[in-house]
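Below: one structure in structure tokens.
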There are 2 protein chains.
Amino acid sequence: MNIVLLGSGNVATHLAKALKAKGQTVVQVYSQHLVNAESLAMQVDAMAIDDLSNVYQTADLYIIAVKDDAIESVAAALKDVTGLVVHTSGTASLSLLAEHVKKAGVFYPLQTFSKIKDVVFDHIPICIEASDIHQLSTLQQLASKLSDQVLELSGEQRKILHLAAVFACNFPNHLFALANQILLKHELDFNIIRPLIAETAEKVMTNLPENVQTGPAIRNDQTTMEKHLGLLTNEPELQDIYQTLSNSIKLMLK
Amino acid sequence: MNIVLLGSGNVATHLAKALKAKGQTVVQVYSQHLVNAESLAMQVDAMAIDDLSNVYQTADLYIIAVKDDAIESVAAALKDVTGLVVHTSGTASLSLLAEHVKKAGVFYPLQTFSKIKDVVFDHIPICIEASDIHQLSTLQQLASKLSDQVLELSGEQRKILHLAAVFACNFPNHLFALANQILLKHELDFNIIRPLIAETAEKVMTNLPENVQTGPAIRNDQTTMEKHLGLLTNEPELQDIYQTLSNSIKLMLK
């Protein structure tokens with residue numbers, strides 16, 4: 001398949017590299033900033049462009065991997081292409097594309113992508129959506145080359161999944177960062193809690209999180225919770241987070 | 001070493017089994033409820049007791065692994081023993097024991113223990129504390145048999161570590177549970193987000209969480225955050241958590 005990648009951020013980067021590794025051909029990489037397009041294009045032997053009017057009109061697939069609020073303007077520039085145009089967003093609807101292009105779809109890999117860490121796609125859920133059965137089949141075939149977890153989801157389901165992902169990934173990562181802040185202030189190293197973080201994730205690979213909750217809140221251990229709040233006296237923001245999440249854990253007791 | 005274990009909960013259970021596996025002898029297991037004491041004692045070939053006046057007075061080590069607010073009453077019952085008495089709490093101070101027993105210490109394994117999952121102690125940080133250098137050395141030797149991560153921490157440092165652990169383990173696990181609630185309501189399976197949770201933890205094994213934060217809040221993607229809050233209209237508690245954590249992530253942008 002000849003693929004044009006529109007975007008040069010985390011998702012675009014990991015997707016382009018994974019597609020290339022699976023024998024697909026990335027012909028162009030577009031970014032508003034040529035230097036970004038070039039940096040990614042170089043890695044996948046593609047041409048870099050920074051002007052949407054230079055996009056090849058005859059590629060098989062156009063993958064729009066830009067910020068949600070930029071999807072529509074990129075799609076508008078692809079109104080004449082005959083290939084399938086997909087976006088990679090968890091929240092944007094299919095119709096956002098369908099209003100502009102001839103063949104529209106969604107190709108949403110459910111994973112957290114950072115440029116500084118490589119990602120193995122093998123088991124990453126790839127959520128696909130299209131209004132036409134042939135286009136769905138095209139996406140199914142492509143997604144299957146990258147991963148053994150291909151899910152055909154409705155737009156509503158995909159949005160729910162994206163929301164759940166914020167709770168399961170973005171928020172926990174931030175809590176790791178707050179833990180590190182607390183440790184740093186007392187000259188303790190983040191390394192000390194890495195085994196705990198690994199085990200916390202490991203536990204829910206085979207159990208449901210509801211069944212393996214530990215800590216003072218689920219024991220309703222008021223003394224410990226008060227001591228912890230006392231240690232955070234000068235950090236009202238952390239106190240607020242501590243209270244909010246502990247109260248939510250206690251609701252599970254009922 | 002002859003060891004008496006006072007407690008039969010998660011920490012007591014995993015510790016007793018790990019000590020036994022490393023060639024130590026657990027001579028007695030105490031619990032208020034004989035059936036609980038028996039259940040653990042059976043697994044480590046120990047005697048079960050439910051009366052503190054029946055505790056052997058001549059063991060080498062007494063490990064108090066009970067709820068924080070029960071530590072003192074158990075310690076009071078050990079005032080005549082000559083062996084070293086430790087507790088396993090992240091927040092209770094050493095003096096809580098030192099007021100009652102002849103030789104006092106702390107033996108705090110930093111991990112999340114659930115009865116339904118076995119734990120490998122090899123790399124679990126074990127935090128030790130004692131007022132006497134000989135007792136510290138005893139704990140150091142014992143801890144080294146279980147783990148290659150033995151840390152001599154002050155009571156203050158241990159309390160901070162325990163607080164950080166709540167942020168790095170208990171709260172993230174609860175967020176996994178909330179993600180599951182969201183998925184369940186829309187008939188989506190928790191399995192879909194397991195690879196995401198695994199990768200989220202995996203990423204911070206070699207990076208600091210501050211450097212790998214992803215999601216709408218760190219991009220300050222207001223449109224997506226508003227859509228997410230809209231999906232939670234009927235769940236004010238989840239909206240509150242979403243807002244609180246997103247605001248905290250945005251503070252990192254500054």
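Looking at the range B:1-12, I want the residues that are over 15 Å from B:Ile71 (Cα atoms) and modelled with pLDDT under 95 and have a partner that is in a helix (DSSP H, G or I) and hydrophobic (A, V, I, L, M, F, W, C) with Cβ atoms under 8 Å, at least 6 apart or on another chain. Which pairs are those?
B:Met1/B:Leu142
Any residue in the range B:199-211 that's free of Cβ contacts under 8 Å to residues at least 12 places away in the same chain and within 12 Å of A:Leu175 (Cα to Cα): show its pairings with residues that are open to solvent by 70 Å² or more (accessible area, probe 1.4 Å) and of a type in the set (D, E, K, R) at Cβ separation under 8 Å, as long as the two are six or more apart or on different chains.
B:Ala201/A:Glu202
Scan the range A:157-189 for residues that are facing chain B (nearest Cβ under 7 Å) and in a loop (DSSP other than H, G, I, E, B) and jot them down.
A:His186, A:Leu188
Can you confirm whether A:Leu188 is open to solvent by 40 Å² or more (accessible area, probe 1.4 Å) and not β-branched (Val, Ile, Thr)?
When the stated conditions are applied, A:Leu188 does not pass them.
Exactly one of (1) more than 7 Å from chain A (Cβ to nearest Cβ); (2) under 28 Å from B:Gln111 (Cα atoms) is unmet by B:Glu235. Its number?
The failed condition is (2).
Considering only the range B:95-129, how many residues are closer than 16 Å to B:Leu146 by Cα, at pLDDT below 90 and of a type in the set (A, V, I, L, M, F, W, C)?
Looking only at that region, the number is 4.
Being part of a helix (DSSP H, G or I) and touching a strand residue (DSSP E or B) at 6+ places or on another chain (Cβ under 8 Å) is the requirement here; does A:Ile197 meet it?
Working: part of a helix (DSSP H, G or I): yes; touching a strand residue (DSSP E or B) at 6+ places or on another chain (Cβ under 8 Å): no.
Here the answer is no, as A:Ile197 does not meet what is asked.
Going by the structure shown, is A:Leu175 at negative phi, modelled with pLDDT of 95 or more and under 21 Å from the mean Cα position of the chain (by Cα)? Give the steps one after another, and end with the answer.
Values: at negative phi: yes; modelled with pLDDT of 95 or more: yes; under 21 Å from the mean Cα position of the chain (by Cα): yes.
The answer is yes for A:Leu175.
While we're looking at this one, here's another question. Please go through the range A:216-238 and pick out each residue that is part of a loop (DSSP other than H, G, I, E, B) and open to solvent by less than 10 Å² (accessible area, probe 1.4 Å).
Across the range A:216-238, the qualifying residues are A:Pro216, A:Ala217, A:Leu232.
A follow-up question, please. Go over the candidates A:Thr200, A:Thr214 one by one and state the one that is at pLDDT below 95, of a type outside the set (Phe, Trp, Tyr) and under 22 Å from B:Met205 (Cα atoms).
A:Thr214
Sticking with this structure for a sec: From the residues in the range B:121-143 that are facing another protein chain (nearest Cβ under 7 Å) and surrounded by 18 or more Cβ atoms within 10 Å (Cβ to Cβ), which one is nearest to A:Leu188 (Cα to Cα)?
For the range B:121-143, the residue satisfying everything is B:Pro125.
Of the residues B:Leu153, B:Leu146, which is in contact with a helix residue (DSSP H, G or I) (Cβ under 8 Å, 6 or more places away or on another chain), more than 24 Å from A:His174 (Cα to Cα), open to solvent by 10 Å² or more (accessible area, probe 1.4 Å) and more than 7 Å from every other protein chain (Cβ to nearest Cβ)?
B:Leu153
Output yes when any residue across the range B:221-240 is on the phi > 0 side of the Ramachandran plot and not acidic (Asp, Glu), and no when none is. Show your work before the answer.
Filtering the range B:221-240 down to residues on the phi > 0 side of the Ramachandran plot leaves none.
No.
Let me ask another. Please pick out the residue among A:Ile241, A:Ile192 that is facing chain B (nearest Cβ under 7 Å), outside any loop (DSSP other than H, G, I, E, B) and more than 27 Å from the chain's Cα centre (by Cα).
A:Ile192
The values are calculated or read from the model by the stated rules, or taken from the named source; none is laboratory data. No experiment lies behind these values; they were computed from the predicted model shown. A quick note on method: Cβ atoms are made from the backbone with ideal geometry, for glycine too, and the neighbour counts reach across all protein chains shown. Accessible surface areas use protein heavy atoms only, side chains included; no ligands, DNA or RNA. Shrake-Rupley method; radii C 1.70, N 1.55, O 1.52, S 1.80 Å.
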